[in-house]
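Only one structure is covered here, and it is reproduced in the block below.
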(Lines give C-alpha, C1' and ligand atoms only; values in the text may rest on other atoms or scores of the structure.)
Protein backbone atom coordinates (compact mmCIF):
# COMPACT_ATOMS: atom_id res chain seq x y z
CA UNK A 1 0.00 0.00 0.00
CA UNK A 2 1.34 3.42 -0.94
CA UNK A 3 1.19 5.27 2.41
CA UNK A 4 2.45 8.53 0.95
CA UNK A 5 -0.40 8.64 -1.54
CA UNK A 6 -3.02 7.91 1.13
CA UNK A 7 -1.69 10.66 3.39
CA UNK A 8 -1.78 13.24 0.59
CA UNK A 9 -5.29 12.24 -0.42
CA UNK A 10 -6.69 12.43 3.10
CA UNK A 11 -5.09 15.80 3.72
CA UNK A 12 -6.66 17.14 0.55
CA UNK A 13 -10.07 15.81 1.49
CA UNK A 14 -10.03 17.10 5.07
CA UNK A 15 -8.69 20.51 4.18
CA UNK A 16 -11.30 20.84 1.46
CA UNK A 17 -14.15 20.05 3.84
CA UNK A 18 -12.80 22.53 6.35
CA UNK A 19 -12.41 25.35 3.85
CA UNK A 20 -15.94 25.04 2.50
CA UNK A 21 -17.28 24.77 6.03
CA UNK A 22 -20.76 24.04 7.23
CA UNK A 23 -24.12 25.13 5.95
CA UNK A 24 -24.57 28.85 6.59
CA UNK A 25 -27.41 31.33 6.19
CA UNK A 26 -27.65 33.66 3.21
CA UNK A 27 -25.52 36.78 3.23
CA UNK A 28 -27.00 39.81 4.98
CA UNK A 29 -26.25 41.84 1.87
CA UNK A 30 -28.56 39.71 -0.20
CA UNK A 31 -31.94 41.29 -0.74
CA UNK A 32 -34.96 39.33 0.51
CA UNK A 33 -36.76 37.41 -2.19
CA UNK A 34 -33.91 37.79 -4.71
CA UNK A 35 -33.65 34.01 -5.05
CA UNK A 36 -35.64 30.90 -4.26
CA UNK A 37 -34.10 28.95 -1.40
CA UNK A 38 -35.29 25.54 -0.28
CA UNK A 39 -34.01 23.50 2.62
CA UNK A 40 -35.32 19.95 3.24
CA UNK A 41 -38.33 20.60 1.01
CA UNK A 42 -39.26 19.15 -2.36
CA UNK A 43 -36.58 19.74 -4.97
CA UNK A 44 -37.42 21.46 -8.26
CA UNK A 45 -38.17 18.90 -10.95
CA UNK A 46 -35.29 19.87 -13.25
CA UNK A 47 -32.81 18.54 -10.65
CA UNK A 48 -34.45 15.10 -10.39
CA UNK A 49 -32.20 12.40 -11.84
CA UNK A 50 -29.07 10.29 -11.49
CA UNK A 51 -25.75 12.07 -11.99
CA UNK A 52 -22.47 10.27 -12.50
CA UNK A 53 -18.79 11.10 -12.87
CA UNK A 54 -15.85 8.73 -13.30
CA UNK A 55 -12.31 9.85 -12.51
CA UNK A 56 -9.44 7.66 -13.72
CA UNK A 57 -5.99 8.76 -12.58
CA UNK A 58 -2.63 7.50 -13.67
CA UNK A 59 -1.34 4.29 -12.11
CA UNK A 60 0.66 5.13 -9.00
CA UNK A 61 1.25 1.59 -7.78
CA UNK A 62 3.05 -1.04 -9.77
CA UNK A 63 0.39 -3.67 -9.04
CA UNK A 64 -2.64 -1.39 -9.58
CA UNK A 65 -3.94 -1.37 -13.13
CA UNK A 66 -6.94 0.82 -12.38
CA UNK A 67 -7.46 3.24 -9.49
CA UNK A 68 -10.47 5.03 -10.88
CA UNK A 69 -13.40 6.13 -8.73
CA UNK A 70 -17.05 6.47 -9.72
CA UNK A 71 -19.08 9.26 -8.08
CA UNK A 72 -22.87 9.16 -8.22
CA UNK A 73 -25.63 11.48 -7.04
CA UNK A 74 -29.24 10.31 -6.93
CA UNK A 75 -31.66 13.20 -6.55
CA UNK A 76 -35.35 12.56 -5.94
CA UNK A 77 -38.27 14.73 -4.81
CA UNK A 78 -37.41 14.50 -1.12
CA UNK A 79 -34.15 12.52 -0.84
CA UNK A 80 -30.59 12.94 -2.09
CA UNK A 81 -27.82 10.36 -1.84
CA UNK A 82 -24.14 10.45 -2.79
CA UNK A 83 -21.99 7.38 -3.50
CA UNK A 84 -18.25 7.00 -4.09
CA UNK A 85 -17.12 3.58 -5.32
CA UNK A 86 -13.81 2.47 -6.74
CA UNK A 87 -10.22 1.72 -5.85
CA UNK A 88 -9.96 1.41 -2.03
CA UNK A 89 -13.11 3.46 -1.49
CA UNK A 90 -16.79 2.69 -1.05
CA UNK A 91 -19.35 4.68 0.89
CA UNK A 92 -22.86 6.03 0.46
CA UNK A 93 -24.41 8.88 2.41
CA UNK A 94 -27.66 10.81 2.58
CA UNK A 95 -27.53 14.55 1.97
CA UNK A 96 -29.53 17.58 2.95
CA UNK A 97 -29.60 20.48 0.50
CA UNK A 98 -30.13 24.16 -0.17
CA UNK A 99 -31.51 25.11 -3.57
CA UNK A 100 -31.12 28.32 -5.53
CA UNK A 101 -32.33 28.90 -9.08
CA UNK A 102 -29.30 27.44 -10.85
CA UNK A 103 -27.43 25.67 -8.11
CA UNK A 104 -27.96 22.94 -5.58
CA UNK A 105 -25.68 22.76 -2.53
CA UNK A 106 -25.49 19.36 -0.83
CA UNK A 107 -24.55 18.81 2.82
CA UNK A 108 -23.65 15.65 4.71
CA UNK A 109 -26.61 14.27 6.70
CA UNK A 110 -25.87 10.63 7.64
CA UNK A 111 -24.15 7.48 6.46
CA UNK A 112 -26.13 4.87 4.55
CA UNK A 113 -23.29 2.40 4.00
CA UNK A 114 -19.57 2.75 4.68
CA UNK A 115 -17.02 0.10 3.81
CA UNK A 116 -14.26 2.72 3.91
CA UNK A 117 -14.29 5.83 6.15
CA UNK A 118 -16.61 8.66 5.13
CA UNK A 119 -14.49 11.82 4.70
CA UNK A 120 -16.95 14.17 6.41
CA UNK A 121 -16.24 15.19 9.97
CA UNK A 122 -19.60 16.68 10.94
CA UNK A 123 -23.24 16.82 9.96
CA UNK A 124 -23.73 19.72 7.48
CA UNK A 125 -20.21 19.51 6.08
CA UNK A 126 -20.34 20.46 2.41
CA UNK A 127 -20.53 17.50 0.03
CA UNK A 128 -20.88 19.20 -3.34
CA UNK A 129 -22.14 22.14 -5.35
CA UNK A 130 -24.11 21.16 -8.46
CA UNK A 131 -24.82 23.88 -11.02
CA UNK A 132 -26.93 24.01 -14.17
CA UNK A 133 -25.50 26.01 -17.07
CA UNK A 134 -27.25 26.03 -20.44
CA UNK A 135 -28.82 22.65 -19.83
CA UNK A 136 -25.61 20.98 -18.65
CA UNK A 137 -24.82 19.99 -15.09
CA UNK A 138 -21.50 20.47 -13.30
CA UNK A 139 -20.16 19.51 -9.88
CA UNK A 140 -17.56 20.99 -7.55
CA UNK A 141 -16.66 19.09 -4.39
CA UNK A 142 -13.99 19.07 -1.68
CA UNK A 143 -13.79 15.28 -1.89
CA UNK A 144 -13.88 14.73 -5.66
CA UNK A 145 -10.38 14.98 -7.08
CA UNK A 146 -9.55 15.36 -10.74
CA UNK A 147 -6.88 13.33 -12.52
CA UNK A 148 -4.19 15.62 -11.07
CA UNK A 149 -5.54 15.38 -7.49
CA UNK A 150 -7.05 18.86 -7.56
CA UNK A 151 -10.22 19.46 -5.53
CA UNK A 152 -13.19 21.80 -5.99
CA UNK A 153 -12.68 21.70 -9.76
CA UNK A 154 -15.75 22.20 -11.94
CA UNK A 155 -16.45 18.92 -13.74
CA UNK A 156 -19.19 17.89 -16.13
CA UNK A 157 -21.74 15.39 -14.84
CA UNK A 158 -23.58 12.82 -16.92
CA UNK A 159 -27.28 12.99 -16.10
CA UNK A 160 -29.72 10.09 -16.37
CA UNK A 161 -33.39 9.80 -15.56
CA UNK A 162 -35.08 8.04 -12.65
CA UNK A 163 -38.01 5.74 -13.34
CA UNK A 164 -40.86 7.24 -11.33
CA UNK A 165 -42.26 3.73 -10.86
CA UNK A 166 -39.25 2.78 -8.72
CA UNK A 167 -39.88 2.42 -4.98
CA UNK A 168 -38.21 5.16 -2.98
CA UNK A 169 -38.73 3.40 0.34
CA UNK A 170 -36.54 0.34 0.76
CA UNK A 171 -39.02 -0.97 3.34
CA UNK A 172 -41.54 -1.52 0.52
CA UNK A 173 -39.22 -3.94 -1.26
CA UNK A 174 -39.87 -7.68 -0.91
CA UNK A 175 -37.70 -9.24 1.77
CA UNK A 176 -36.58 -12.74 2.64
CA UNK A 177 -37.94 -13.36 6.12
CA UNK A 178 -37.50 -17.09 6.76
CA UNK A 179 -34.83 -18.12 9.28
CA UNK A 180 -33.84 -21.71 10.06
CA UNK A 181 -30.26 -21.73 11.32
CA UNK A 182 -30.52 -25.42 12.30
CA UNK A 183 -30.88 -26.53 8.70
CA UNK A 184 -30.28 -30.24 8.11
CA UNK A 185 -30.28 -32.36 4.99
CA UNK A 186 -33.47 -34.42 4.86
CA UNK A 187 -35.70 -31.99 6.79
CA UNK A 188 -38.95 -31.90 4.81
CA UNK A 189 -39.59 -28.26 5.73
CA UNK A 190 -36.45 -27.24 3.83
CA UNK A 191 -36.90 -29.37 0.72
CA UNK A 192 -35.95 -27.42 -2.41
CA UNK A 193 -38.53 -29.26 -4.53
CA UNK A 194 -41.38 -27.49 -2.69
CA UNK A 195 -40.29 -24.07 -3.93
CA UNK A 196 -38.83 -24.74 -7.40
CA UNK A 197 -41.16 -23.64 -10.22
CA UNK A 198 -40.35 -24.62 -13.80
CA UNK A 199 -39.56 -21.80 -16.26
CA UNK A 200 -38.50 -21.59 -19.91
CA UNK A 201 -34.86 -21.67 -20.95
CA UNK A 202 -35.27 -18.25 -22.60
CA UNK A 203 -36.38 -16.69 -19.30
CA UNK A 204 -33.36 -18.16 -17.53
CA UNK A 205 -30.92 -16.96 -20.21
CA UNK A 206 -32.40 -13.44 -20.09
CA UNK A 207 -31.95 -13.26 -16.31
CA UNK A 208 -28.43 -14.68 -16.53
CA UNK A 209 -27.43 -12.07 -19.13
CA UNK A 210 -28.80 -9.26 -16.96
CA UNK A 211 -27.35 -10.36 -13.61
CA UNK A 212 -24.00 -8.90 -12.52
CA UNK A 213 -22.40 -10.31 -9.40
CA UNK A 214 -20.24 -8.11 -7.18
CA UNK A 215 -16.77 -7.88 -8.71
CA UNK A 216 -13.63 -8.84 -6.82
CA UNK A 217 -10.84 -6.24 -7.11
CA UNK A 218 -7.67 -8.17 -7.91
CA UNK A 219 -5.54 -5.00 -7.92
CA UNK A 220 -5.59 -4.91 -4.09
CA UNK A 221 -2.61 -7.14 -3.45
CA UNK A 222 -1.63 -9.34 -0.50
CA UNK A 223 1.51 -11.10 -1.73
CA UNK A 224 2.52 -14.46 -0.27
CA UNK A 225 5.88 -14.39 1.53
CA UNK A 226 7.65 -17.59 2.53
CA UNK A 227 4.50 -19.60 1.97
CA UNK A 228 2.09 -17.45 3.96
CA UNK A 229 -0.27 -14.48 3.60
CA UNK A 230 -0.22 -11.84 6.34
CA UNK A 231 -3.55 -10.00 6.26
CA UNK A 232 -3.69 -6.62 8.07
CA UNK A 233 -7.00 -6.12 9.90
CA UNK A 234 -8.72 -2.90 10.91
CA UNK A 235 -8.68 -3.92 14.59
CA UNK A 236 -4.86 -3.95 14.52
CA UNK A 237 -4.46 -7.73 14.37
CA UNK A 238 -2.91 -9.75 11.56
CA UNK A 239 -4.53 -12.84 10.08
CA UNK A 240 -2.06 -15.44 8.77
CA UNK A 241 -2.98 -17.97 6.08
CA UNK A 242 -0.77 -20.50 4.34
CA UNK A 243 -0.52 -21.44 0.69
CA UNK A 244 0.68 -25.00 1.36
CA UNK A 245 -0.50 -27.97 3.43
CA UNK A 246 2.90 -28.43 5.05
CA UNK A 247 2.73 -25.17 7.03
CA UNK A 248 -0.97 -25.13 7.84
CA UNK A 249 -2.22 -26.52 11.16
CA UNK A 250 -5.70 -26.86 9.64
CA UNK A 251 -4.53 -28.92 6.66
CA UNK A 252 -5.91 -26.25 4.37
CA UNK A 253 -4.15 -24.07 1.82
CA UNK A 254 -5.26 -20.74 0.39
CA UNK A 255 -4.88 -18.77 -2.83
CA UNK A 256 -5.65 -15.03 -2.77
CA UNK A 257 -8.21 -13.72 -5.29
CA UNK A 258 -8.71 -10.08 -4.28
CA UNK A 259 -10.75 -7.63 -2.23
CA UNK A 260 -14.53 -7.12 -2.29
CA UNK A 261 -15.13 -3.51 -1.27
CA UNK A 262 -18.91 -3.71 -1.00
CA UNK A 263 -18.67 -6.13 1.95
CA UNK A 264 -15.18 -5.17 3.18
CA UNK A 265 -13.81 -8.71 2.78
CA UNK A 266 -10.70 -10.33 1.35
CA UNK A 267 -11.50 -13.29 -0.90
CA UNK A 268 -9.48 -16.51 -1.03
CA UNK A 269 -9.86 -19.86 -2.71
CA UNK A 270 -9.23 -22.64 -0.21
CA UNK A 271 -8.44 -26.32 -0.60
CA UNK A 272 -8.52 -28.94 2.15
CA UNK A 273 -8.25 -32.70 2.25
CA UNK A 274 -12.05 -33.03 2.21
CA UNK A 275 -13.38 -29.63 1.07
CA UNK A 276 -12.58 -26.85 -1.33
CA UNK A 277 -14.29 -23.59 -2.14
CA UNK A 278 -14.18 -19.84 -1.49
CA UNK A 279 -13.51 -18.04 1.81
CA UNK A 280 -14.46 -14.47 2.69
CA UNK A 281 -12.32 -12.86 5.42
CA UNK A 282 -13.66 -9.78 7.18
CA UNK A 283 -11.13 -6.97 6.92
CA UNK A 284 -12.54 -5.60 10.19
CA UNK A 285 -11.89 -8.57 12.47
CA UNK A 286 -10.64 -11.54 10.41
CA UNK A 287 -13.84 -13.57 10.71
CA UNK A 288 -13.90 -16.27 8.02
CA UNK A 289 -16.94 -17.41 6.04
CA UNK A 290 -16.69 -20.60 3.97
CA UNK A 291 -18.61 -21.14 0.74
CA UNK A 292 -18.51 -24.11 -1.59
CA UNK A 293 -18.65 -21.75 -4.59
CA UNK A 294 -18.22 -18.02 -5.11
CA UNK A 295 -21.11 -16.25 -3.37
CA UNK A 296 -23.88 -14.82 -5.52
CA UNK A 297 -24.97 -11.41 -4.19
CA UNK A 298 -28.45 -10.01 -4.70
CA UNK A 299 -28.71 -6.77 -6.75
CA UNK A 300 -29.78 -4.36 -3.99
CA UNK A 301 -26.78 -3.39 -1.85
CA UNK A 302 -28.98 -1.81 0.85
CA UNK A 303 -30.86 -5.07 1.41
CA UNK A 304 -28.32 -7.67 0.33
CA UNK A 305 -28.53 -11.44 0.36
CA UNK A 306 -26.00 -14.02 -0.77
CA UNK A 307 -26.50 -17.62 -1.87
CA UNK A 308 -24.10 -20.54 -2.04
CA UNK A 309 -25.47 -23.05 -4.56
CA UNK A 310 -23.78 -26.37 -5.14
CA UNK A 311 -24.15 -30.03 -5.99
CA UNK A 312 -22.26 -32.30 -3.61
CA UNK A 313 -21.20 -35.91 -3.95
CA UNK A 314 -21.03 -37.87 -0.69
CA UNK A 315 -22.10 -41.36 -1.58
CA UNK A 316 -25.29 -39.94 -3.09
CA UNK A 317 -25.63 -36.75 -5.09
CA UNK A 318 -27.50 -33.85 -3.44
CA UNK A 319 -28.33 -30.27 -4.36
CA UNK A 320 -28.04 -27.38 -1.89
CA UNK A 321 -28.86 -23.68 -1.82
CA UNK A 322 -27.80 -21.80 1.31
CA UNK A 323 -29.08 -18.28 1.91
CA UNK A 324 -27.24 -15.58 3.90
CA UNK A 325 -28.10 -12.05 4.92
CA UNK A 326 -25.20 -9.68 4.26
CA UNK A 327 -24.51 -6.52 6.24
CA UNK A 328 -21.23 -4.62 5.96
CA UNK A 329 -18.59 -7.32 6.64
CA UNK A 330 -20.81 -10.02 8.12
CA UNK A 331 -22.67 -13.01 6.69
CA UNK A 332 -25.60 -14.37 8.72
CA UNK A 333 -26.89 -17.79 7.71
CA UNK A 334 -30.68 -17.66 7.25
CA UNK A 335 -31.67 -21.07 5.92
CA UNK A 336 -30.84 -23.81 3.46
CA UNK A 337 -32.75 -25.79 0.84
CA UNK A 338 -31.84 -29.33 -0.20
CA UNK A 339 -32.88 -31.79 -2.88
CA UNK A 340 -32.08 -35.35 -3.86
CA UNK A 341 -33.63 -34.80 -7.30
CA UNK A 342 -32.69 -31.25 -8.38
CA UNK A 343 -28.98 -30.50 -8.74
CA UNK A 344 -28.01 -26.81 -9.30
CA UNK A 345 -25.59 -26.09 -12.14
CA UNK A 346 -25.87 -22.34 -12.84
CA UNK A 347 -27.71 -19.89 -10.58
CA UNK A 348 -28.36 -16.14 -10.81
CA UNK A 349 -30.59 -13.52 -9.20
CA UNK A 350 -33.59 -12.39 -11.24
CA UNK A 351 -34.43 -9.72 -8.63
CA UNK A 352 -33.58 -9.13 -4.99
CA UNK A 353 -35.52 -12.15 -3.69
CA UNK A 354 -35.87 -14.49 -6.70
CA UNK A 355 -33.35 -17.00 -8.01
CA UNK A 356 -33.30 -18.44 -11.52
CA UNK A 357 -31.53 -21.77 -11.88
CA UNK A 358 -30.31 -24.21 -14.48
CA UNK A 359 -30.27 -27.67 -12.91
CA UNK A 360 -29.90 -31.33 -13.68
CA UNK A 361 -32.59 -33.82 -12.82
CA UNK A 362 -32.11 -37.55 -13.11
CA UNK A 363 -34.78 -39.35 -15.11
CA UNK A 364 -34.64 -42.98 -16.23
CA UNK A 365 -31.00 -43.22 -15.26
CA UNK A 366 -29.89 -40.15 -17.25
CA UNK A 367 -29.52 -36.45 -16.39
CA UNK A 368 -31.96 -34.03 -18.00
CA UNK A 369 -31.61 -30.22 -17.95
CA UNK A 370 -34.39 -28.17 -16.37
CA UNK A 371 -34.84 -24.48 -15.53
CA UNK A 372 -36.47 -23.22 -12.33
CA UNK A 373 -37.25 -20.09 -10.37
CA UNK A 374 -37.25 -19.97 -6.59
CA UNK A 375 -39.03 -17.10 -4.81
CA UNK A 376 -37.04 -16.97 -1.57
CA UNK A 377 -39.40 -14.41 -0.03
CA UNK A 378 -42.15 -17.05 -0.21
CA UNK A 379 -40.21 -19.70 1.72
CA UNK A 380 -41.86 -20.39 5.07
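Inside the stretch 346-375, residues that are exposed (fewer than 15 other Cβ atoms within 10 Å of the Cβ) and closer than 20 Å to residue 213 by Cβ make up a count of 1.
The set of residues in the stretch 78-117 that are part of a loop (DSSP other than H, G, I, E, B), buried (at least 20 other Cβ atoms within 10 Å of the Cβ) and modelled with pLDDT of 85 or more is empty.
Scanning the stretch 118-137 for residues that are touching a residue at least 60 places away in the same chain (Cβ under 8 Å) and part of a loop (DSSP other than H, G, I, E, B) yields 119, 120, 121, 122, 124. Residue 174 meets the conditions (1) modelled with pLDDT of 85 or more; (2) part of a loop (DSSP other than H, G, I, E, B); (3) surrounded by 11 or more Cβ atoms within 10 Å (Cβ to Cβ) in every case but one. The failed one is (1). The condition (being loosely packed, with under 13 Cβ neighbours inside 10 Å, under 24 Å from residue 356 (Cα atoms) and in contact (Cβ under 8 Å) with a residue 24 or more places away in the chain) is satisfied by just one residue among 188, 201, 184: 201. Reported count of residues in the stretch 173-225, each being in contact with a helix residue (DSSP H, G or I) (Cβ under 7 Å, 6 or more places away or on another chain) and closer than 21 Å to residue 265 by Cα, is 2. Filtering 245, 254, 259 for residues that are more than 21 Å from residue 68 (Cβ to Cβ), surrounded by 12 or more Cβ atoms within 10 Å (Cβ to Cβ) and at pLDDT 85 or above leaves a single hit, 254.
The values are calculated or read from the model by the stated rules, or taken from the named source; none is laboratory data. This one's a predicted model, so the numbers in the text were calculated from it and none came from an experiment. Note that each Cβ is placed from the backbone with ideal geometry, even for glycine, and that neighbours are counted across all protein chains shown.
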